[in-house]
Amino acid sequence: MPTDPNAFLYLFFEPIAPFLDDPDVSEIMINGPDRIYVERRGRIESTNACFCSENALRAAAMNVARSVGRMLGEENPILEARLPDGSRLEAVIPPLSRTGTVVSIRKFRKEKLTPAELVRFGSISEGGVRLIETIVRLHKNLVVSGATSSGKTSVLNVLSGIIDPGERILVIEDASELQLQQPHTVRFETRKPDKDGKGEVTIRDLLIAALRLRPDRLVIGEVRGGEALDLLEALNTGHAGSMSTIHANTPLDTLSRLETCTLLSGIDIPMPAVRAMVAGAIGVIIQTARLSDGSRKITHISEVLGLEEGVYKMQDIYVFRPEGLAPDGKVAGHHVFTGATPRFAEEARRLNLPEPWADERA
Ligand SMILES: Nc1ncnc2c1ncn2[C@@H]1O[C@H](COP(=O)(O)OP(=O)(O)OP(=O)(O)O)[C@@H](O)[C@H]1O
Ligand SMILES: [Mg+2]
C-alpha cells in the first residue's frame, strides 16, 4: 500500500485528523490550542477539537514545518508552506499572533471542480458555462477576480480546462494548484529566498522567461505584484488568450488593482499610459464571490470595452441577480444575461461558437 504523503500531518496534528479525513471540510483554522474552526460545505463551524496546550500546538506546528523542510520558530515566526498532497498551510506563532499559535490549512481537492459541478452547486448556469467556453476559445485575455477564498483558483482551473489540447500552455504559480490535463503544458513554480535572503525566483522572473518560450497561452495563478506590468506589456503586444486571478471585489476594482500592481514594478510609467495598457490588455473579467450562505458564485462576467476620456468603459454580459434570502438562509436568485451584446459576438458567430447572450435574453 502506498504511504500517505501527509502521514506526518496526522501524526503531529492528531486532534484535527477527523477533519483532514472529512471530504466535506475544505479549510481547518486553528486560532490557539482550543479554538479550532472548520469550513464545511462553505460554512464556518466551531469544533470541540483541541490540543492539550499552547506548547503542544506550537511543537506540532514546528514539527510539521520541519517535515516539509521549512523552519518555524523565533526567527521565522510566519510560515507559508505547501504540504506534499498540495494542501496549503499558513502558520503564525506568538508573540506575533495574540491568541496562541495560529494555523490554517486549505485542503487540496483531489478532483478539480468541473463545469457540471459548478452548475450543480448554483455557482454558474449552463448558459454561463457556454459563455466562458466562447470567451476562452476566442482567446480573450481573462482575469478571474474575487476576495480571499471566493473560488478564483477553482474557476481558473475550469477555464484552463477549456483550452484546446493542441495549444502550448505555460503555467506560472506560487504553489502548484492548477490541474491542467493538456499534454503540451509547461509548469513553473516560484522559489522563496533561502535563509540568507538569496535565490528568490518571483512570478515576474518566471513570466519574463515564459515569454521567450513561445507560449500560445499564459496561465498565471495570481497577479499581485510588479509582474502585472510585464504581463500587460505582453498582452498588448500580441500574447492573446492569457488567464489569471487577482484579489479585487468588483470588476472595476480589478482594473484599478492591476494599475496598483504595475506601480510595484518600480518602473515609473505615467498613469494615463498604465490605464491605456490595462484597457488594451484585458478583455473579460469574471468576478467570484462567497455569499452570506457560504455558497461561491460567479457574480459577473464583464467585458472591458476600453477607455473613454481616461475612464474605463465596461459592460456586464452576465450577472447573478440576488432575490433575497430563502427561509433556510440560502441566497435566492438567478444568473441572467443582461441583454448586452458582447463586442466579440460577430467573431463568435464566424467561428460557430455558442452565443448564449443571444439565446437567453433577460
Ligand atoms: N463554486 C464552488 N462551490 C463550492 N466550493 C467551492 C467553489 N469554488 C471553490 N470552492 C472551494 O472553496 C475553497 C476556496 O477555493 P479557491 O482556492 O478556488 O479560492 P481562491 O479565491 O482562489 O482562494 P485564495 O484567495 O486563497 O487564493 C476551496 O476549498 C474550494 O474547493
Ligand atoms: Mg487562489
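Quick look at the numbers
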| quantity | calculated |
| --- | --- |
| Rounded FRET efficiency, nearest 0.05, which uses the C-beta distance separating Ala273 from Arg187 and R0 of 35 Å | 0.60 |
| Ratio of Rg to Rh over the stretch 44-166 (Cα coordinates, Kirkwood Rh, two decimals) | 1.11 |
| Relative exposure of Ser104, Ser302, judged by other C-beta atoms within 10 Å (fewest first) | Ser104, Ser302 |
| Against the rule of thumb 2.2 N^0.38 Å, how large the Cα Rg of the stretch 175-267 comes out | 1.13 |
| Förster radius 25 Å - calculated FRET efficiency between His247 and Glu200 (Cβ-Cβ, nearest 0.05) | 0.70 |
| Net dipole in debye of the stretch 7-106 [+1 Lys, Arg Cβ; -1 Asp, Glu Cβ; about Cα centre; nearest 20] | 160 |
| ³J(HN,Hα), Karplus 6.51/-1.76/1.60, whole Hz, each residue of the stretch 207-216, x for Gly, Pro | 5, 4, 5, 4, 5, 8, 9, 6, x, 7 |
| Whole-percent pair-distance distribution, where bins are 5 Å wide, for the alpha carbons of the stretch 7-106 | 3, 14, 27, 28, 19, 8, 2, 0 |
| Residue exposure sequence - Asp22, Asp174, Asp268, Asp205 - by fewest surrounding Cβ within 10 Å | Asp268, Asp22, Asp205, Asp174 |
| Check: the chain dipole with +1 on Lys, Arg Cβ and -1 on Asp, Glu Cβ, in debye | 200 |
| Within-11-Å neighbourhood charge of Arg88 [Cβ basis; K, R +1; D, E -1] | -3 |
| Approximate shape of the chain as ellipsoid semi-axes (Cα gyration tensor, √5λ), whole Å, largest first | 36, 26, 19 |
| Mean-position separation - Cα centroids, the stretch 179-222 and the stretch 233-292, in angstrom | 19 |
| Inter-centroid distance (Cα atoms) of the stretch 49-124 relative to the stretch 333-362, Å | 41 |
| Coil-residue GluC sites (Glu not before Pro) of the stretch 1-86, DSSP, other Cβ within 10 Å capped at 10 | Glu74, Glu75 |
| Long-range HN-HN contacts of Leu305 with modeled amide H, under 5 Å | Lys313, Met314, Gln315 |
| Karplus 3J(HN,Hα) series, Hz, for the stretch 156-163 with 6.51 cos²θ - 1.76 cosθ + 1.60 (x for Gly, Pro) | 4, 4, 5, 4, 5, x, 7, 4 |
| Ranking of Arg321, Arg106, Arg212 by count of other Cβ atoms within 10 Å, fewest first | Arg212, Arg321, Arg106 |
| Residue-averaged [θ]222 nm for the chain, counting only DSSP H segments that reach four residues, each worth -39500 (n - 2.57) | -8000 deg cm²/dmol |
| Antiparallel bridges, percent of DSSP beta bridges restricted to the chain (to nearest 5) | 70 |
| Phi-based couplings in Hz for the stretch 321-336 (Karplus 6.51, -1.76, 1.60; Gly and Pro marked x) | 9, x, 10, x, 9, 6, x, 7, x, 6, 6, 8, x, 9, 8, 9 |
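Throughout, read-outs are computed from the coordinates displayed, never taken from laboratory work. Note that this is a predicted model, so its numbers are computed, not measured. Cβ coordinates were reconstructed from backbone atoms using ideal geometry, including for glycine residues, and neighbour counts include every protein chain displayed.
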